[in-house]
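Since the structure comes first, as structure tokens, the remarks are kept for the end.
What follows draws every value from the coordinates through simple rules; no lab data is involved. All of these numbers come straight from a predicted model, not from anything done at the bench. Cβ placement follows ideal geometry from the backbone for every residue including glycine, while neighbour counts extend to all protein chains displayed.
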Amino acid sequence: MADKKAKLESKAKKFIKQEYVIWLTTIGSDLAPQPRPVWFIWDKDSFLIFSQPHAHKLKHIKQHPNVSLHFNTDKTGDQDVIVYVGTARIDAAVPPAYKVRAYMKKYKSGIQDLGATPEQFSGEYSVAIRVTPTTLRGW
């Protein structure tokens with residue numbers, strides 16, 4: 001059993017390093033799941049995501065901080081299933097996205113593709129969300 005857990009953790013670390021998007025699922029005011037793709041980085045012991053200040057996900061997180069995160073699977077969905085369950089919070093202590101070196105390294109070209117500078121992006125996506133995982137599931 002420990003070997004299976006170690007393999008899953010290893011696979012999850014690989015996905016964190018390689019994947020460009022992760023799906024964040026919050027709970028809406030109607031208590032229905034609300035999945036959405038988001039940009040992310042792994043920052044010490046948690047996922048760091050930036051959001052627009054008026055996005056519904058922020059209201060959802062304030063009302064129901066339990067969330068899940070998952071990656072896309074292979075074409076058949078039979079392998080490489082990685083799901084994190086965790087707690088989300090708004091983290092006002094995080095500097096703007098353009099000052100987070102790992103975030104800029106990963107998404108600088110994506111920001112350019114949006115027709116924005118890093119500073120413009122950071123002004124629009126000005127709220128940091130930190131998701132601390134509590135459970136890892138998958139196969």
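Name every residue in segment 1-43 that is surrounded by fewer than 10 Cβ atoms within 10 Å (Cβ to Cβ) and in a loop (DSSP other than H, G, I, E, B), in order of residue number.
MET1, ASP30, LEU31, ALA32
Do we find that PRO53 is within 21 Å of LYS108 (Cα to Cα) and either touching a helix residue (DSSP H, G or I) at 6+ places or on another chain (Cβ under 6 Å) or assigned to a strand (DSSP E or B) (or both) in this structure?
For PRO53, the condition - within 21 Å of LYS108 (Cα to Cα) and either touching a helix residue (DSSP H, G or I) at 6+ places or on another chain (Cβ under 6 Å) or assigned to a strand (DSSP E or B) (or both) - is not met.
Just to check your reading of the model, which residue among LYS106, LYS62 is more than 21 Å from SER10 (Cα to Cα) and not acidic (Asp, Glu)?
Answer to the selection: LYS62.
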